[in-house]
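Enquirer: Okay, here's the structure, questions in a sec.
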Amino acid sequence: MWDYSEKVKEYFFDPKNAGVLADANAVGEVGAIACGDALKLMLKVDPATERIEAATFQTFGCGSAIASSSALTELVIGKTIDEALKLTNADIADFLGGLPPEKMHCSVMGYEALQAAVANFRGETWSDDHEEGALICKCFGVDEGMLETAIRVNKLTTLEMVTFYTKAGGSCATCADGIEAVLARVNAEMVAEGALDAAAAFVAGGISDTSGIIRKPQTGRAGAKATVEISDDFVPLEIFNEEVRAAAPKPKLTTLQKIRIVEEVIAEVRPTLQRDGGDCELIDVDGDKVLLKLKGACINCQLASMTVNGVQQRLMERSGLPLRVVPVQSGAH
């Protein structure tokens, strides 16, 4: 279970400014339900002063997404458009007393929704459509520009941190090379600009140690890469800052442990599925791939992708691993 601050819990269980804003004149929509998170931000802006007089939201997602969206509305009310645009996702997370590293993408979604709402108010075009070749992660619709912004604003230096902040690479992981290329390029630019220490910059093909720093691989005999020994000694998590916690290696799980986690998650979602005439069944666990069979009404349901993504999200949170859920036909492997 994630270690949430009291303010995150407050804004989740009792969200501020939730609902539809009837006289909104600035609306920003980001994310997609199929990807697990979606946010609609509605603002009422005084045309003369460009000051935000009211803000509400509608969110589909986890507790962190709801809390982040609610916090965003609290932060922008009373500010001018220009003042609001200076806010970053880090400001949203700080307002909430911090977010678990794995949930930082929720604050990034709020930051993007604000950009979209302001563009809507000004009559500008804002969309998550991508220029040819710019889309990096197809599973979550993350393009090169979104990655660069998240890396620069939050000074990200590892692939895992990028996934936590943007969700890119958190599903099929086929975009890992593309993400690494963007990360290496942007980190190199940040070093040249003096915005990042060269020792912390990501190096494509490097080895990550416990500090989250990517080291260039050393070679001995031809083709052999050096390994990094990681101590198993217990270190209290509270001494870590968010970046170190995000980069800390996750414990390895045996196949049996993964199966038990999958079965626990299925047991949690099954009652909801069965109420609608559906069900799901674990077929197999192959590495980080979980083969899941949808049954009954779930087979042809238009929301089947939401069911799969929901199970996948829970598995990733419960295990700390990038588990990928793949729906299969009966007997398929």
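Just so it is clear, none of the values below were taken in a lab; they were calculated from the coordinates. All figures in this text were calculated on a predicted structure; none of them were measured in a lab. Every residue, glycine among them, receives a Cβ derived from its backbone with ideal geometry; neighbour counts consider all protein chains shown.
Enquirer: Using a Förster distance of 35 angstrom, determine the FRET efficiency expected from the C-beta separation of Val328 and Glu83, and round it to 0.05.
Expert: According to the calculation, E is roughly 0.10.
Enquirer: For Asp197 and Asp288, what is the calculated FRET efficiency with R₀ set at 41 Å and r taken between the beta-carbons, to the nearest 0.05?
Expert: Plugging the Cβ-Cβ distance into 1/(1 + (r/R0)^6) gives 0.80.
Enquirer: What's the extension gain from Thr272 to Gln257 if we count 0.36 nm per residue and subtract their Cα-Cα distance?
Expert: Numbers: separation 15, 0.36 × 15 = 5.40 nm, distance 2.44 nm.
In short, 3.0 nm is gained.
Enquirer: For region 6-121, what is the charge dipole size about the Cα centre, in debye to the nearest 20, if Lys and Arg each add +1 at the Cβ and Asp and Glu each add -1 at the Cβ? Can you show the working numbers first?
Expert: Details: 9 positive and 16 negative charges, 25 e Å.
The calculated dipole for region 6-121 is roughly 120 debye.
Enquirer: Which distance in nm do the two modelled labels at Arg185 and Lys138 give, with both placed 7 Å along the Cα-to-Cβ direction?
Expert: Output for this residue pair reads 2.0 nm.
Enquirer: A further question on this structure: At what distance in nm do the modelled label points of Glu10 and Leu321 sit from each other, each positioned 7 Å from its Cα along Cα→Cβ?
Expert: Simple spin-label model gives 3.8 nm for this pair.
Enquirer: Where Lys and Arg each count +1 and Asp and Glu each count -1, what net charge lies around Arg51 among other residues with Cβ under 13 Å from its Cβ?
Expert: Local net charge: -3.
Enquirer: Among the lysines, which have Cα under 20 Å from the Cα of Lys252 when same-chain residues fewer than 8 positions away are ignored?
Expert: By straight Cα distance, Lys252 reaches Lys289.
Enquirer: Local charge sum around Ala181 (other residues, Cβ-Cβ under 12 Å, Lys/Arg +1, Asp/Glu -1)?
Expert: -3
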